[in-house]
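Q: Got a structure for you, questions after.
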Amino acid sequence: MIPIRGNSADQGLPIGTSPAVSSSKASLVRENLKYLALAAALFIVGMAFGIVGGSSVGTEGSGSIFDGGLDSIFEELESISQFYVPYQPFTVVFLFFKNLLTTGMTFILGPLIIMPAAVLLLNGYILGMVGTIVANEVSLVAALASLAPHGVFEMPALVIAAAAALRFGVATLKKIRSMIGRSEFSISNDFEGSVKLFVLSTILLFVAAIMETYVTPMLMGISP
């Protein structure tokens, strides 16, 4: 009897992995690489400013430009934390839709271009600032425990959603320019690619909400 080998084995892929699926994922990354790179760069820039701002908190002469909106940011975070109840399914729903609202508005307002850029810079700033403050006032371990478990999903989700918004925004502006110049430009491929990215972002946001509700508090020593 001749042994039968599936396509996955022939191509060195894990059993149950379709070559078409693997190729589709790689293609999705390739065709959106420049938007993903730009979104990641903006997020990192915001985070760098946040680290600098967080480092200046509590130091002499800390009334710098970094502290201008510090109080309002903490007030906003405090108001959101009122709805955060660890180990409760409602918290998963709340966190998921809170973040989905942000990414959704970012995507819809993508044609403004400035919207996804502003969201990336602001969220990167907040992450860098809060992480630095916690690390300085408590410990680096505490900062990692409070941010890393869900952050490894939430941060990529935000970057991917913003990349989708940037691609959709650029395509929309090209379409408007083509209409003014009476030339042809189809937005369908770019819109489809943007939606695929947004769906991937949404899945990651849901995973992040679960992690933040059940794993983060456990690592922080919060009992159910």
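Values quoted throughout were computed directly from the atomic coordinates according to the rules given, and no laboratory measurement underlies them. In this text the structure is predicted, and so the values were computed from the model without any measurement. Methodologically, a virtual Cβ is constructed for each residue, glycine included, from the backbone with ideal geometry; neighbour enumeration extends over all protein chains shown.
Q: Using a Förster distance of 30 Å, how high is the FRET efficiency between GLU137 and ALA37, based on the Cβ-Cβ distance and rounded to 0.05? Present the calculation step by step, with values, prior to reporting the outcome.
A: Numbers: r = 34 Å, r/R0 = 1.13.
My answer for the efficiency is 0.35.
Q: Would you order ARG167, ARG182 from fewest to most other beta-carbon atoms within 10 Å of each residue's own beta-carbon? Intermediate results must be reported in sequence, preceding the final value.
A: Details: ARG167 27, ARG182 6.
Least to most surrounded, the residues fall as ARG182, ARG167.
Q: State the answer as a single residue: which of ALA157, LEU122, PHE107 lies farthest towards the positive end of the charge dipole of segment 100-224, with beta carbon charges of +1 for Lys and Arg and -1 for Asp and Glu, about the Cα centre.
A: PHE107
Q: So, one more: Highest mean first, how do 33-41, 47-55 rank when packing is the count of other Cβ atoms within 10 Å averaged over residues? Numbers along the way, then the final one.
A: Values: 33-41: 17.4, 47-55: 19.7.
So the order, starting with the most tightly packed, is 47-55, 33-41.
Q: For a bin width of 10 Å, list the pair-distance distribution of segment 126-224 built from all Cα-Cα distances, rounded to whole %.
A: 16, 30, 23, 16, 11, 4, 0
Q: Something else: Under a Cβ-only charge scheme (Lys and Arg +1, Asp and Glu -1), can you give me the dipole magnitude of segment 93-224 about the Cα centre, in debye to the nearest 20? Spell out each step's value before the answer.
A: Values: 7 positive and 6 negative charges, 105 e Å.
Computed charge dipole of segment 93-224: roughly 500 debye.
Q: Can you put THR91, THR103 in order of Cβ neighbours within 10 angstrom, beginning with the fewest?
A: Values: THR91 19, THR103 23.
With the fewest neighbours first, THR91, THR103 line up as THR91, THR103.
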